[in-house]
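Beneath this line is the structure, given in structure tokens, with notes to follow.
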Amino acid sequence: MKNILVYGATGDQGYPLMKHLREAGLQIKAASRKPDSLQNTEFADVETVYADFGDLESLINASQGIDGIAMNLPFLFDVEKVRNIAANIVAAASKAGVRKIVFNTSCVVMDEDIGISAHDGRRAIEAEIEKSGLEYAVIRSTVFMDNLTRRWAKPSIVKKDMISYPAAETLKVSWVCLDDIAKCMVAALINDKVKQEKILVGGPQALTGPELADILTEQTGRKISYNSLTPDTFASAMSKLVTGSGYVAPNSVYSGMAQFYNWYNTQDTSPLIADNTFVKEVLGVSLTPFAEWSKRISWSSI
């Protein structure tokens, strides 16, 4: 495993993935419709190859000479469109002789559809990968610690000493950092024992919102509280922050997040708790506790 093609190279999830691929000594190419997508980043020297999800020939060309694909894909709300994108990626990989695909779902994925299009689209991607006959690993990630540093979450912590989040107060979550997800993706790529795996990856502790607040209280020396927002209220606030309007458009990222958390919060058993035995014993990745991760963040400035 030497030459790796990265889908979703730019942004919050792509950058740590590129970093750890590079640290593992792998040769990386970034697939993008924009040849300058990595310009003015720390990865400006990485070759960018043209790839359009709707253009099979471009995906075949991008996959030439590639041993493995590592991908983070955007959330879309048309399941059949998502299925077609995945089918094109897989067909191109097969035609070009790619050996393995590693896909980060960016959310928990259940073993059946749940009627949420963003989730069910992830299952459609998994299904296309699975039936390809290629080696693969699907990293089913829980909830990202890094969410708390975003502009829709961190200001409340900095200015109000309050974590405001759409998880119910009693919902236990194996919060995981993006850096660890990237490590797991790279480990799955280069480990020959990983051939056809779906792996739920979360942090080493399942914590409620109030327990997160207690940890930040101890670290900052300020009394941090937890405010459990309804998912719909949270989605409206996100929309207002980004678009200027609190209207939550159907099939938007805001409505998608509300759907996810409405579902999470109403399950008898939290689906966001991970058993990381495979991660430790096979992938060899040591996962970061929330307290350790949060020490890296300044909670006094936005």
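The values are calculated or read from the model by the stated rules, or taken from the named source; none is laboratory data. Here the structure is a predicted model, which is why all the values come from computation and not from measurement. Here Cβ is always computed from backbone atoms with ideal geometry, including for glycine, and neighbour counts include all displayed protein chains.
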Checklist entry - If a residue has to be part of a loop (DSSP other than H, G, I, E, B), free of Cβ contacts under 8 Å to residues at least 40 places away in the same chain and over 21 Å from Asn191 (Cα atoms) to count, how many in segment 284-302 make the cut? => result 2
Checklist outcome for this item: Subset of segment 274-296, residues of a type in the set (Val, Ile, Thr) and surrounded by fewer than 17 Cβ atoms within 10 Å (Cβ to Cβ), comes to Thr277, Val282
Checklist entry - Filtering segment 134-150 down to residues that are in contact with a Lys or Arg (Cβ under 8 Å, 6 or more places away or on another chain) and either in contact (Cβ under 8 Å) with a residue 60 or more places away in the chain or crowded, with 20+ Cβ neighbours inside 10 Å (or both), which residue is farthest from Asp180 (Cα to Cα)? => result Glu135
Next on the checklist: Testing Val98 on (1) closer than 17 Å to Ala51 by Cα; (2) under 20 Å from the mean Cα position of the chain (by Cα), one condition comes back false. Which one is that?
Outcome noted: (2)
Next on the checklist: Given the condition over 26 Å from His20 (Cβ atoms), of a type in the set (Gly, Ala, Ser), assigned by TED's automatic domain parsing to the domain that holds Thr220 and out of contact with any Phe, Trp or Tyr (no Cβ under 8 Å at 6 or more places or on another chain), answer yes or no: does some residue in segment 77-97 qualify?
Outcome noted: no
Item to check | Those helices (runs of 4 or more DSSP H) lying entirely in segment 190-283 with at least 3 residues within 20 Å of the chain's Cα centre (by Cα) | outcome: 231-243, 253-265
Checklist entry - Of all the strands (runs of 3 or more DSSP E) wholly in segment 1-100, which have at least 2 residues that are surrounded by 22 or more Cβ atoms within 10 Å (Cβ to Cβ)? => result 3-7, 27-32, 68-72
Checklist outcome for this item: When (1) under 19 Å from Arg140 (Cβ atoms); (2) surrounded by fewer than 17 Cβ atoms within 10 Å (Cβ to Cβ) are applied to Asn262, the one that fails is (1)
Checklist entry - under 13 Å from Leu171 (Cα atoms) and among the aromatic types (Phe, Trp, Tyr) - does that describe any residue in segment 243-255? => result no
